[in-house]
Each structure stands twice: as structure tokens, then as C-alpha cells.
Amino acid sequence: MRTTVGIIGAGPAGLLLARLLHNAGIDSVVLESRDRAYVEHRQRAGILEQGTVDVLRAAGAGERMDREGLPHDGIELRWQRRRHRVDFPALTGGRSVMVYAQTEVCKDLIALQLKEGGPLLFEAEALAVEGADTDSPSVRFRHEGREEVLECRYVVGCDGFWGVARQAVPAELSRVFERTYPFGWLGILADVPPSHDELVYARHDRGFALLSMRSPSVSRLYLQVPAGTDADSWGDEEIWDELERRLETADDWRLERGPITQKSVTPMRSYVHEPMRYGSLFLAGDAAHIVPPTGAKGLNLAVGDVVTFARALSYEKETGSAELLDAYSGTCLRRVWQAERFSYDMTTMLHPAPDATPFDHRLQLTRLERVAASRAAEADLAEGYTGFPLD
Ligand code: APR
Ligand code: PHB
């Protein structure tokens with residue numbers, strides 16, 4: 001099998017890349033180790049930055065998002081039973097976000113790819129990238145019980161944090177920057193209308209809580225829990241009681257309860273692999289970087305990477321110049337590090353660490369007070385949340 005761009009992984013990064021290349025008249029093949037149902041039902045975050053929304057529309061993948069997605073113009077911060085709304089358009093010159101689940105983005109892109117795009121092979125597991133330092137790299141993969149080779153001009157590793165693509169970068173050229181947090185998020189899906197019309201990020205001495213949503217009738221909520229917590233060790237009523245405590249306000253706001261349909265724990269990690277390119281191999285999305293979920297940057301960063309790659313390859317096709325491909329890693333990393341900083345700031349402002357001192361607690365409260373009191377501080381948060389520009 002032969003193609004111009006071999007794409008490993010059919011998460012949002014790989015699927016959107018295949019679509020962007022198709023629109024630019026560049027052929028690709030996508031290899032995905034899991035089956036279609038698994039990819040379409042994996043629960044992930046659900047906030048699309050303004051720039052992500054624009055990219056999906058321009059790629060012809062925004063139709064259902066525009067019909068079913070929920071445009072949001074702000075978030076609420078809570079601490080010490082107080083509430084403070086951050087108004088995105090007012091602080092950013094008109095930018096906002098869209099609540100539309102990553103699973104839905106994937107479903108839309110898969111349907112488009114199967115209808116109009118090049119091959120997308122499910123249950124095709126990449127085993128290794130070979131010849132990354134040459135102009136004819138290949139991906140060895142297993143499909144329908146046979147081992148096969150996909151010969152390419154470029155390979156893009158969109159295979160997530162646990163994928164194989166990153167392993168093809170020689171160890172002596174890799175630099176890894178990493179931080180793990182001593183807590184994770186216990187996430188639930190519940191069949192109950194969201195108790196607030198915007199997302200609520202709450203800092204409480206007992207831990208962080210987040211109220212989010214998937215639709216007008218489905219809520220998504222999270223609780224900070226110690227790292228390594230087993231989701232089943234929390235009973236349903238216990239989860240609601242704890243959410244109620246952490247989200248409590250001084251006014252008459254109430255949390256509505258409903259049947260919990262799903263429960264899982266997400267670990268929290270910050271991770272960057274540099275460089276994001278080695279020869280003919282490019283890394284995109286979670287394959288190159290991870291952010292903790294506070295602020296929902298993961299999907300949006302993946303989108304930025306593949307847009308950058310598709311633009312660079314189109315430029316090479318049109319002009320013969322590899323200038324933008326050569327700039328890929330640096331261009332992506334500038335934006336990645338801004339999102340790493342933003343996600344770290346949001347995480348450390350809102351999550352009391354298990355070893356936090358009274359000084360640390362006071363500082364967290366002071367950071368929140370600052371956002372509420374200073375338009376400059378609030379605008380900084382709003383800019384980060386609605387997303388850093390793609391340059
Ligand atoms: N061969 C083929 N496919 C693979 C392999 C492999 N060896 N290893 C992993 N994959 C597939 C996974 O099954 C998954 O479908 O690669 C895909 C990677 O997708 P994601 O993990 O979703 O990563 P990415 O597309 O970069 O999306 C960015 O944003 O919200 C965050 O972390 C969240 O997934 C999200 C990310
Ligand atoms: C989600 O809805 O899953 C979500 C929303 C906001 C975040 C993280 C996750 O910051």
C-alpha cells in the first residue's frame with residue numbers, strides 16, 4: 001500500500017488531518033488500532049475554542065456542530081460560596097467557545113472520511129515507523145491478521161500518548177518536559193439538565209469541582225480525587241453529595257441530581273515532547289503533548305497541530321518550498337507551551353494539592369480574587385480559554 005501521507009490514529013487529530021489534506025487534494029491513509037464503535041464512544045472533553053469551530057466549519061465538518069452545539073459566552077468561577085462570571089466576548093473582542101463533545105466531532109469526521117475521503121482502516125494497528133530519517137518512510141501495521149507495510153512520503157503520528165510514532169525519534173534527540181499531579185478527576189455523565197447554563201469551575205477546600213454538559217438534557221460533572229482513585233469506590237449519592245458541597249453558593253442556586261450513566265477517573269499530567277518532527281515523521285496532538293483537562297485544551301491543541309501541518313504541506317505542493325514544514329515543530333510548540341502554561345495556571349489555581357500549606361490555600365484564593373477584581377487578569381483568563389491564535 002502506498003500514499004503521500006500515512007496517518008497513524010483516528011482521534012480528532014488524525015481524522016481532521018485526513019479531511020484537511022483531502023480538501024487540499026493530497027492523498028492519505030489513516031490507520032486506527034481500535035474499532036469504529038470504540039473511537040466513536042470514548043468519553044473526552046467537549047469544549048471547542050473559537051478557532052477550532054472556525055476550522056471545522058471551513059473544512060466542511062461543522063454542519064451538525066452548528067445545529068446541535070451550544071455556543072457559550074462565558075464561564076463561572078466559584079470559591080468560598082461566591083460566584084464570578086467571566087464574559088468572554090466582552091474581554092476578548094468577541095471570541096467565545098462551543099460546547100460540542102469530542103466524540104461527536106469524531107463521529108462527524110469519520111462519516112465524512114468514509115463518504116468522501118481516502119482509506120480509513122479500523123483495527124489496523126501500527127507496529128513501527130521505519131525510515132523516518134529518509135524521504136520514503138513507512139509504517140508497518142497489522143490488519144485482518146496480516147502484517148502489512150504502508151509506504152509514504154510523510155508519516156504523521158496522531159496516535160495519542162500511548163502510540164508508537166514517538167518511539168521512532170532517536171532517544172538522543174528527544175527532550176521530554178513532564179509534570180504529574182497528585183490528583184485526578186472523577187467524571188460522571190448524568191441524565192439531568194445542567195444546573196447552570198454555563199460551565200462552573202469551583203475551588204473548594206475539599207477539592208475542585210466542575211459542572212459541564214453534553215446537551216440540554218445531559219450533564220457532565222467532575223470531582224478532584226486523589227491520584228489512583230478507583231471510580232467504583234464512589235457511590236452515586238456520595239458523588240452528588242460531594243458535588244453539592246463543593247459547588248455550593250451563598251444564594252439560592254441548587255444542584256439537580258439525576259441517574260448517573262457513566263463514571264471514570266482521568267489522571268492529570270502535563271507533558272511535552274520536543275521536537276515534534278524528526279525527518280519525514282511529524283507528531284501531532286496527544287502523541288506530542290498532554291495538558292491537564294482544566295480548561296479543555298487537549299483537542300484544541302491537536303487541531304492547531306494538524307492545521308499547521310496541512311498548511312505547510314499545501315505550501316510545499318504549491319511553491320516547492322519546504323520552509324513551513326521545516327518550521328512545523330517550532331510553530332506548534334509556541335502555541336503548545338502557551339496552552340501548557342494556561343492549563344497549569346487553571347489547574348494550580350483551582351485544585352488544592354494534598355500537601356498544600358495554609359500559605360498555598362491563601363494564594364489560590366488571592367489568585368481568584370485577582371481575576372474577579374482586575375479586568376486585565378480576567379482578560380488574560382478569557383484569552384487563554386477562548387484560545388491562542390493559529391499563526
Ligand atoms: N496504531 C494505530 N492507531 C493507534 C495506535 C497504533 N499503534 N496507538 C494509538 N492509536 C489510536 C488510538 O486508538 C486513538 O484512536 O490513535 C488515536 C489517538 O487519538 P487521541 O488519543 O484522541 O489523540 P488526538 O487525536 O491527539 O486527540 C487529542 O484531545 O481531549 C484531548 O486527550 C484528548 O483525545 C484527545 C486529545
Ligand atoms: C467536559 O465537558 O468534559 C470538560 C469541560 C471543561 C473542561 C474539561 C472537560 O475544562
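The values are calculated or read from the model by the stated rules, or taken from the named source; none is laboratory data. No experiment lies behind these values; they were computed from the predicted model shown. Neighbour counts run over all protein chains shown; Cβ positions are idealised from the backbone, glycine included.
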Can you name the residue in the range 96-116 that is in contact with a strand residue (DSSP E or B) (Cβ under 8 Å, 6 or more places away or on another chain) and more than 19 Å from Ser215 (Cβ to Cβ) and is also farthest from ligand 2 (Cβ to nearest atom) among such residues?
-> Leu114
Listed residues Ala61, Ala18, Ala45; which is crowded, with 18+ Cβ neighbours inside 10 Å, touching an Asp or Glu at 6+ places or on another chain (Cβ under 6 Å) and in the same structural domain as Val164 (by TED's automatic domain parsing)?
-> Ala61
Inside the range 249-270, can you point out the residues that are assigned to a strand (DSSP E or B) and either among the aliphatic types (A, V, I, L, M) or at positive phi (or both)?
-> Ile260, Val265, Met268
Can you name the condition, by its number, that Leu56 falls short on among (1) within 22 Å of Tyr385 (Cα to Cα); (2) within 16 Å of ligand 2 (Cβ to nearest atom)?
-> (2)
Mind telling me which of the residues Arg203, Arg220, Arg175 ends up being at pLDDT 95 or above, surrounded by 17 or more Cβ atoms within 10 Å (Cβ to Cβ) and under 23 Å from Asp286 (Cα atoms)?
-> Arg220
Assess whether Leu325 counts as being surrounded by 16 or more Cβ atoms within 10 Å (Cβ to Cβ), touching a Gly at 6+ places or on another chain (Cβ under 8 Å) and farther than 23 Å from Asp205 by Cα.
-> no
Identify the residue in the range 33-59 that is touching a strand residue (DSSP E or B) at 6+ places or on another chain (Cβ under 8 Å) and under 14 Å from Lys107 (Cα atoms) and, among all such residues, is modelled with the highest pLDDT.
-> Leu56
Which of the residues spanning the range 143-166 are of a type in the set (A, V, I, L, M), closer than 12 Å to Phe282 by Cα and within 11 Å of ligand 1 (Cβ to nearest atom)?
-> Val156, Ala165
Checked the range 210-226 for anything away from ligand 1 (no atom under 16 Å from the Cβ), within 14 Å of Ser264 (Cβ to Cβ) and touching a Ser or Thr at 6+ places or on another chain (Cβ under 8 Å); matches are Leu221
Considering only the range 122-163, state which residues are in contact with a helix residue (DSSP H, G or I) (Cβ under 9 Å, 6 or more places away or on another chain) and part of a strand (DSSP E or B).
-> Ala126, Ala128, Val129, Glu130, Val139, Tyr154, Val155, Val156, Gly157
